[in-house]
1. Among the residues of region 1-18, write down those that are open to solvent by 70 Å² or more (accessible area, probe 1.4 Å) and β-branched (Val, Ile, Thr).
2. Could you list, in sequence order, the residues of region 7-35 that are at pLDDT below 95 and farther than 18 Å from Leu46 by Cα?
3. Please list, ordered by first then second residue, the pairs with beta carbon atoms under 8 Å, 6 or more apart or interchain, first in region 4-23 and outside any helix (DSSP H, G or I), second open to solvent by 50 Å² or more (accessible area, probe 1.4 Å).
4. List pairs: first in region 31-43 and aliphatic (A, V, I, L, M), second open to solvent by less than 70 Å² (accessible area, probe 1.4 Å) and in a helix (DSSP H, G or I), Cβ under 8 Å, 6+ apart or cross-chain?
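The values are calculated or read from the model by the stated rules, or taken from the named source; none is laboratory data. These numbers were taken from a predicted model, which means no experiment stands behind them. Virtual Cβ from ideal backbone geometry, glycine too; neighbours counted across all protein chains shown. Each accessible area value is taken on the protein alone, full model and side chains, heavy atoms only, with ligands, DNA and RNA left out. Shrake-Rupley method; radii C 1.70, N 1.55, O 1.52, S 1.80 Å.
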Amino acid sequence: MMCKEATRLMSLKQDRTLTFQERLSLRLHLTMCSACRECDRQFTLLHKAGRRFDPEDDDDGP
């Protein structure tokens, strides 16, 4: 798997459950690629931060 495909799977993983084959392929790639491991960590961090933001709690809104 190339890094471009791994990045696509990392992004999809934030929105849906990956298939067994997708998870296996991504896990194998991540064991070999430190840049993609860092990218996966950042995707996860951004996703968690985004879930914490609730626009309805914004006092400055309309």
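1. Listed by number, the list holds a single entry, Thr17.
2. Matches in region 7-35: none.
3. Filtered contacts from region 4-23: Gln14/Phe43; Gln14/His47.
4. If the second residue must be open to solvent by less than 70 Å² (accessible area, probe 1.4 Å) and in a helix (DSSP H, G or I), the pairs left are Ala35/Cys3.
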